[in-house]
Ligand SMILES: *Cc1c(COP(=O)(O)O)cnc(C)c1O
């Protein structure tokens, strides 16, 4: 039986792939001569890894980073042999054979992982690609500095085709933090032991630091998706995401009427309330009820009462009568209310908002026709 698709959805996540590719081009310019790889873990930060990778590949990107093997496998249909997929979190033993079979590049984060990967290469009778991570001070993943010193190029080189050596900064989003330089110095001591192997230190934050942090390859995630690492710094990044949700009911209520669970809000005047079909299951934090709003044609429409799992209420009393009807869409994230503003309002970071958006939104991908793209001068 053919599966029916739902004709409408209560919310739309609109992903501007043209803006994504412009951000990629802008980062490439900023980082050159270093190369820019794209971090597409967590379903490309919630935006949809397959369309994101397809668009970036068309824009010239050949290097992609996931966190897990499963995420790399999801990209099989959209990469070709000229692309490399690096698996940042490394492999547990059960995943190694599948990883080798597909030619993915695992990050080796411990001596045990190096040993096992080398043993597999010997068993297969061929060199296997890998990246090596060094913990230069974040205490998260990677070889300790001492272990990294002990792993010589020759020990790795016979059976492991080392493509990349990387480390990750703890404070890259703070340009003045002295630990950035300290981590870089510790990492440099190690990279000197691996001459000729491309080195990588920069996430988006470090891509916006001075060029001494760019090294050979950067690993950019959030900046591709339109968020500047530090608000203070000017950037050419364009926002990529818009989130709209549908008004599913409108009602008039009288003074003294409670709104939503627990009656957190009680009408002090006659009100017009719109119920919008998006809730905390869709990534709208319950904390957003305190100060948040939706937007419609430049009108700010404050949230009222608690946010439910699948809906929230907004006060549309001040809108001209009839301007917003049932079935209309209001903006939650977009030109009127930035991702950064929403993150700020609920005390988190844009990363958490994006990756928490959930699966129920219809994801729409904007990609202009070639002629429009050229007319806009997007690629110049
Ligand atoms: C997630 C991640 C990145 C990307 O970070 P952004 O701040 O989104 O650019 C880069 N490198 C590693 C190791 C990561 O885990």
Counting other C-beta atoms within 10 Å, which of 291, 285, 200 has the fewest, and how do the rest follow? 291, 285, 200
The helix 49-58 Cα axis meets the longest alpha-carbon principal axis of the chain at an angle in degrees, between 0 and 90 and rounded to 10, of 60
When the distances between all Cα atoms of region 235-380 are binned every 10 Å from zero, what whole-number percent does each bin get? 11, 39, 31, 14, 5, 1
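Taking 0.36 nm per residue of separation and subtracting the Cα-Cα distance, what length does fully extending residue 326 through residue 348 add?
4.8 nm
Give me the compactness ratio for the chain, meaning the Cα radius of gyration over 2.2 N^0.38 Å. Intermediate values should be presented prior to the final figure.
Working: Rg = 24.0 Å, N = 380, 2.2 N^0.38 = 21.0 Å.
Computed over Cα atoms of the chain, the ratio equals 1.14.
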Describe numerically, in nm with one decimal, the distance between label points set 7 Å from Cα along Cα→Cβ at residue 368 and at residue 299. 3.1
Helix 17-31 vs. the chain, principal-axis angle (Cα, 0 to 90°, nearest 10): 40
Label residue 50 and residue 268 with points 7 Å out from Cα along Cα→Cβ: what is the distance between them in nm? 5.1
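How long are the three semi-axes of the equivalent ellipsoid for region 137-179, computed from the Cα gyration tensor as the root of 5 times each eigenvalue, in whole Å, largest first?
Values: eigenvalues 148, 27, 12 Å².
Values for region 137-179, descending: 27, 12, 8 Å.
Per DSSP H run of n ≥ 4, the term is -39500 (n - 2.57); total these for the chain, divide by its residue number, and report the mean residue ellipticity at 222 nm rounded to 500 deg cm²/dmol. Kindly include the intermediate steps, with their values, before the conclusion.
On the way: 13 runs with 104 residues, N = 380.
Only helices count here, giving -7500 deg cm²/dmol.
Express in % the proportion of alpha carbon pairs of region 210-280 at distances exceeding 22 Å.
Numbers: 1362 of 2485 pairs.
Value for region 210-280: 55 percent of Cα pairs lie more than 22 Å apart.
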Enter the angle in degrees (range 0 to 90, nearest 10) between the Cα long axis of helix 178-191 and the first principal axis of the Cα atoms of the chain, meaning the one along which they spread out most. 40
So how far apart, in nm, are the two label points at residue 251 and residue 286 if each is 7 Å from Cα heading toward Cβ? 2.1
Cut-off 15 Å, label 7 Å out along Cα→Cβ of residue 359, residues of region 266-288 by amide N: 281-283
Quick check: residue separation of residue 74 and residue 140 times 0.36 nm, minus the Cα distance between them. What number comes out in nm? 21.2 nm
May I ask you to order 75-86, 240-251 by the average number of other C-beta atoms within 10 Å around their residues, highest value first? 240-251, 75-86
Quote the relative contact order of the chain in percent (integer), defining contacts as alpha-carbon pairs under 8 Å separated by 6+ residues. 18
Output the Cα-based Rg and Dmax of region 23-164 in Å, rounding Rg to one decimal and Dmax to a whole number. 15.5, 44
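Expected output is a single nm value to one decimal: the length gained when fully extending between residue 5 and residue 174, i.e. 0.36 nm times separation in residues minus the C-alpha distance. What is it? Walk me through the numbers on the way to the answer.
Details: separation 169, 0.36 × 169 = 60.84 nm, distance 4.59 nm.
Residue separation times 0.36 nm, minus the Cα-Cα distance, leaves 56.3 nm.
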Determine, at each q value in 0.12, 0.13, 0.24 (inverse angstroms), the log₁₀ of I(q)/I(0) that the Debye formula gives when each Cα of region 136-234 is one equal point scatterer. -0.41, -0.47, -1.30
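No lab work stands behind these numbers, since they all come straight from the coordinates. From a predicted model like this one, the values you see are computed outputs, not experimental measurements. Reconstructed Cβ throughout: ideal geometry from the backbone, glycine too, with neighbour counts over all protein chains shown.
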